[in-house]
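Have a look at the structure below, then the notes.
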């Protein structure tokens, strides 16, 4: 049984008011597939501006940005890959996306039909699918790594996004020289570090106070805790 | 390029010197500068209306020649807005908590989209274009009107003191495509009055949060500088009016 549902998120070349999607046969508004009210926070239909700014504009065509969101109430996991796909009517860069709605333990397969897409979009779709299957493309590898991860507990992306409204766990950092693997060391948020330091200090003071109390009040068999 | 920009600016000055379009332009006052310090702003509006360009202008940056259709909501670092006053003074206003987001209705209807952007804001800038105005896209069922309807539903979730200002971008293009500026001024005056009425009707009972609409050009720096001073002052004046009204109530 085929459970995977895959759609193209089409580039908004005409500066339409709504985003369009295609299952390879029919074109329909993206909101019919993915209700905006149920879209996970931080969902992106394309490459974030932050990533574009980090990379040289000549290298934009190499960028692949992927996101993965844990299962929603309906039990579907959301996986999305996008890439720059030319320009719109006023020369702004637009994006082509591939959206997967997956069941538990399901992995995306990059073999989606694209015959009904416009000729311009077809060329970007072909290139994207070829790249996603290519073993030598580092960006495509980062996308596959993301899809191969065991079930994720929060929003995850192949490239770090620091300006998103939600926090993403990411595998790589994008820069002028391509991709760099991020350290896997758990990065403690500053707030947590401060709380731990504070807790340690309080504990040390308490132990010290307790020791003093034991020394002073020991003979009568009562432990008195003094906090200075 | 420059002579054309200058001519456009002169025509803009003419348009704004006429009473009906002129009320959309005035000078900044000192009190406004103090009030604006550290205010949170949200910039929303349809696709390609000029939101990114407005942010670039606010940050005193040139509009990027190549820019992208915003694919996701992204936080923008706090920045200082340099406002050049008519008296050659420059004042700094700090903008905090700006989030840049796309204009497609998908973002508007997404709870983590426009609503999340506007929720903590002191001032919401809605950016549309002169073309939207001329083609009456503020009438029922059309894009601007749908956005206004959305704003009405969003109002209860915004700060009590939140203000809304409409920026009507790309006035330079309209000026450049006209030669009879008096006729253009007449047309604009009628359209602006109709827009004003619609916004007030649609936003009722929150119409006091609406601080007006200003013709602007993100592309033409002179028009932008002059218009943004009007905007900052209009919002400040409206704040005092609404505060007085709330106290009276």
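Here, each number is a calculation from the coordinates, and none is a lab measurement. Keep in mind it's a predicted model, so treat the numbers as computed, not measured. Cβ placement follows ideal geometry from the backbone for every residue including glycine, while neighbour counts extend to all protein chains displayed.
Note the per residue figure in Å³ for the convex hull of the C-alpha positions in the stretch A:46-159.
Output value, Cα hull per residue: 123 Å³.
How many nm is it between the label spots at residue B:149 and residue A:199, if each spot is 7 Å from the Cα in line with the beta carbon?
Label at residue B:149, label at residue A:199, 5.1 nm between them.
Fewest first, what order do A:17, B:147 take by the number of other Cβ atoms within 10 Å?
Going from sparsest to densest Cβ surroundings: A:17, B:147.
At q = 0.22, 0.27, 0.30 Å⁻¹, what log₁₀ I(q)/I(0) does the stretch A:1-41 have when each alpha carbon counts as one equal point scatterer in the Debye sum?
Treating every Cα as an identical point scatterer, log10 I(q)/I(0) equals -0.78, -1.02, -1.11.
What are the principal axis extents of the Cα atoms in the stretch A:88-131, in Å, biggest first?
Principal axes ranked by extent give 42, 19, 19 Å for the Cα atoms.
Rounded to two decimal places and with Rh computed the Kirkwood way over Cα pairs, what is Rg over Rh for the stretch B:175-233?
1.04
If the convex hull of the alpha-carbon atoms of the stretch B:144-249 is projected onto planes in all directions, what is the mean projected area in square nanometres?
It is 7.6 nm².
Would you kindly calculate the translational diffusion coefficient of chain A, applying Stokes-Einstein with the Kirkwood radius from alpha carbon pairs, for 10 °C and a viscosity of 1.306 mPa s, and quote it in µm² s⁻¹ without decimals?
In µm²/s, the coefficient is 78.
Once you wrap a convex hull around the alpha carbon atoms of the stretch B:87-223, what is its projected area averaged over all directions, in nm²?
With the hull built on Cα positions only, its mean projection is 9.8 nm².
Considering Cα pairs under 8 angstrom that are at least six residues apart, work out the relative contact order of chain A and quote it in whole percent.
18
Past the 14 angstrom mark, what percentage of all C-alpha to C-alpha distances in the stretch A:1-83 do you count?
Here the long-distance tail beyond 14 Å is 70 percent of all Cα pairs in the stretch A:1-83.
Return, for the Cα atoms of the stretch A:51-98, the radius of gyration and Dmax in Å, separated by a comma.
13.9, 41
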